[in-house]
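Take a look at the structure set out below.
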Amino acid sequence: MWTTSSTVESRMRIAIIGAGIGGLAAALSLHAIGETDIRVYDRVSELRALGVGINLLPHAMRELTELGLADRVEQKGVAPSTLAYFNRFGQPIWSEPRGREAGYRWPQVSVHRGELQLVLADAVRRRLGDDALQLGHRLVRVEEGADAAAAVFARAEGEASVAADLVVAADGIHSAVRASRYPGEGAPIWNGLTLWRGTARVPAYLDGRTMIMAGDGEQKFVAYPLGAPDADGLARVNFIAERRGVGAETVDWNLAVDAGPIVELFRDWSFAWLDVPALIAAADELLEYPMVDRDPIPQWTFGRTTLLGDAAHPMYPNGSNGASQAIIDARTLAFHVATAESPADALAAYEADRRPVTSELVLSNRQQGPERVMLLAHERAPEGFADIHDVISADELAEISAGYKRAAGFHPDLLNERPSLTAPSPIPPSPTPPR
Ligand SMILES: Cc1cc2nc3c(=O)[nH]c(=O)nc-3n(C[C@H](O)[C@H](O)[C@H](O)COP(=O)(O)OP(=O)(O)OC[C@H]3O[C@@H](n4cnc5c(N)ncnc54)[C@H](O)[C@@H]3O)c2cc1C
């Protein structure tokens, strides 16, 4: 029976697999409760600012605020004022204020994923020490022993094994740990849609701080600024173009493709307020990714090892929840490690808190989450409308938006009132970890 208490006297050796958003947030959260023997291992030999934009919703910004990181993250991004949905003709369906403008005590922040990762990695190095981040370590398996787990890595010079009291598998959608526990699971599940992601410096649109989504279930375009407009009125805008029935199933976050054919797919989407084909054509680079997720699984924790972030619950990006949910996982895990009777109890409580809600989100995102308003508008008025309320009532629109926020745990009332995940009496963190 695994009963080591996580008190000051018996701090745990913690191995976190994956230095993505979830793994780094887990390291910072566990350090904030007084754990000091933490190593984050990643397969890459160098952390580079990969990816394009992501959104940190207020529930994630609350956690980053309580970790003392919100200012640095906000400096890197933009707090969107509004989220607005349109049909494929650019006609408005629904819009709502976001972040503080919507009554949250915390903002929503649109930020470059890679820049966020580097901010978190820098905080890990400063707070936990340079050794805390161990690159060039590809996890191949975890062996559960009677007294400890062993994380086994493939290294340039051969296999290396690290003993740990707790292994947090934050190794993403292709998680090696998850694959070892669910060997029959296979590749992520594709729904036939393809996403093309990019950023471009273009004239700012609408108020310069609005996230837009246009289209329907077959073809869609999402855009949001990642920076304020400059003196020439140009802003760096992140976008995701989406289409069914084109593209391949290769699940690679870094797959670059030619923009020409994608500009053609959106040739008619030149709206009075945003020139979509021009935006796609101006992209520095276009990255192709299939719309994939995985089915919810019945168990995350196996002995001393648990899953976190995309390793636990990869979901469609509808609703902008992937990175946010990974950060909440991290903070919830640390809260239970700080407050449970034993590490085993902590992992059980973490899983009980997080698995049901994230499983529901995975399934809800398959139903398009809050973007269902665009599907309804298309179903009921495929050729467009004079007034959206002829097609969908104001109450129905409002309920779709509020229902998703409740399910994802970021309705303003719920979030503003929920107790903090900061453990009641955090042990002061020590800056230099012993090992
Ligand atoms: C390169 C990259 C680019 C991305 N770009 C976008 C984007 O543009 N838009 C978007 O919405 N989402 C993107 N994502 C996904 C997004 O970051 C996640 O959905 C979300 O942030 C949850 O993060 P995570 O930490 O759980 O997983 P991830 O961010 O995927 O991080 C997983 C980490 O684990 C490491 N890893 C994987 N396998 C092993 C192994 N066997 N051993 C050791 N380390 C391992 C990976 O190198 C990675 O650093 C990207 C992910 C990656 C890895």
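The values are calculated or read from the model by the stated rules, or taken from the named source; none is laboratory data. Computed from a prediction, not measured in an experiment: that's the story for all the values here. Note: ideal-geometry Cβ built from the backbone for every residue, glycine included; neighbour counts use all protein chains shown. Surface areas here come from the heavy atoms of the whole protein model, side chains and all, with no ligands, DNA or RNA. Shrake-Rupley method; radii C 1.70, N 1.55, O 1.52, S 1.80 Å.
Quick check: anything in the stretch 365-378 within 29 Å of F86 (Cβ to Cβ) and surrounded by fewer than 15 Cβ atoms within 10 Å (Cβ to Cβ)? Before the answer, list the steps.
At the first step, the residues of the stretch 365-378 found to be within 29 Å of F86 (Cβ to Cβ) are 365-378.
Now drop any that are not surrounded by fewer than 15 Cβ atoms within 10 Å (Cβ to Cβ), which leaves 367.
The answer is yes, given that some residue of the stretch 365-378 is within 29 Å of F86 (Cβ to Cβ) and surrounded by fewer than 15 Cβ atoms within 10 Å (Cβ to Cβ).
Scanning the stretch 210-236 for residues that are over 21 Å from Q91 (Cβ atoms) and more than 19 Å from the chain's Cα centre (by Cα) yields G227, A228, P229, D230, A231, D232, G233, L234, A235, R236.
Output the residues belonging to the stretch 101-116 that are touching a residue at least 40 places away in the same chain (Cβ under 8 Å) and away from the ligand (no atom under 16 Å from the Cβ). Answer for the stretch 101-116, where residues must be touching a residue at least 40 places away in the same chain (Cβ under 8 Å) and away from the ligand (no atom under 16 Å from the Cβ): A102, G103, Y104, R105, W106, P107. Selection over the stretch 286-310 of residues that are near the ligand (Cβ under 8 Å from one of its atoms) and in contact with a helix residue (DSSP H, G or I) (Cβ under 6 Å, 6 or more places away or on another chain) gives a count of 2.
Beta carbons closer than 8 Å, at least 6 apart along the sequence or on distinct chains, never pair a first residue in the stretch 42-54 that is modelled with pLDDT of 90 or more with a second that is charged (D, E, K, R) and exposed (fewer than 12 other Cβ atoms within 10 Å of the Cβ).
When the stretch 290-325 is limited to residues that are open to solvent by 10 Å² or more (accessible area, probe 1.4 Å) and among the aromatic types (F, W, Y), the one that is farthest from D207 (Cα to Cα) turns out to be F302. Between T339, T422, T432, the distinction of being modelled with pLDDT under 90 and open to solvent by 30 Å² or more (accessible area, probe 1.4 Å) belongs to T432 only. Annotation for the stretch 297-304: at least one member residue is within 30 Å of A27 (Cα to Cα), of a type outside the set (S, T, N, Q) and without any contact (Cβ under 8 Å) to a residue 40 or more places away in the chain.
In the stretch 311-328, the count of residues that are more than 16 Å from the ligand (Cβ to nearest atom) and touching a residue at least 12 places away in the same chain (Cβ under 8 Å) is zero.
Of the residues making up the stretch 344-381, those that are in contact (Cβ under 8 Å) with a residue 40 or more places away in the chain and not in a helix (DSSP H, G or I) are Q368, A381. Can you name the residue in the stretch 118-167 that is part of a helix (DSSP H, G or I) and open to solvent by 20 Å² or more (accessible area, probe 1.4 Å) and, of all such residues, is nearest to the ligand (Cβ to nearest atom)? Ranking the candidates gives L118 first.
Wholly within the stretch 72-116, which strands (runs of 3 or more DSSP E) include no fewer than the required count, namely at least 1 residues that are farther than 28 Å from G22 by Cβ and of a type in the set (G, A, S)? Working first, answer last.
Working: elements: 82-86, 92-97, 109-112.
Of the strands (runs of 3 or more DSSP E) lying wholly inside the stretch 72-116, those with at least 1 residues that are farther than 28 Å from G22 by Cβ and of a type in the set (G, A, S) span 82-86, 92-97.
Return the residues of the stretch 159-192 that are over 19 Å from N365 (Cβ atoms) and among the β-branched types (V, I, T); say none if nothing qualifies. Passing the criteria: V162, V167, V168, V177. Of all residues in the stretch 273-315, those satisfying the criterion of being in a helix (DSSP H, G or I) and of a type in the set (A, V, I, L, M) are V276, A278, L279, I280, A281, A311.
Considering every residue within the stretch 256-277, establish whether at least one is in contact with a helix residue (DSSP H, G or I) (Cβ under 7 Å, 6 or more places away or on another chain), open to solvent by less than 10 Å² (accessible area, probe 1.4 Å) and under 27 Å from L47 (Cα atoms). Within the stretch 256-277, not a single residue is in contact with a helix residue (DSSP H, G or I) (Cβ under 7 Å, 6 or more places away or on another chain), open to solvent by less than 10 Å² (accessible area, probe 1.4 Å) and under 27 Å from L47 (Cα atoms).
Mind counting the residues in the stretch 329-363 that are within 16 Å of the ligand (Cβ to nearest atom) and among the small types (G, A, S)? Number satisfying all stated conditions: 3. Collect the residues in the stretch 7-59 that are in a loop (DSSP other than H, G, I, E, B), surrounded by fewer than 24 Cβ atoms within 10 Å (Cβ to Cβ) and among the charged types (D, E, K, R), keeping them in residue-number order. E9, R11, R13, D37, R43, E46, R48, listed by residue number.
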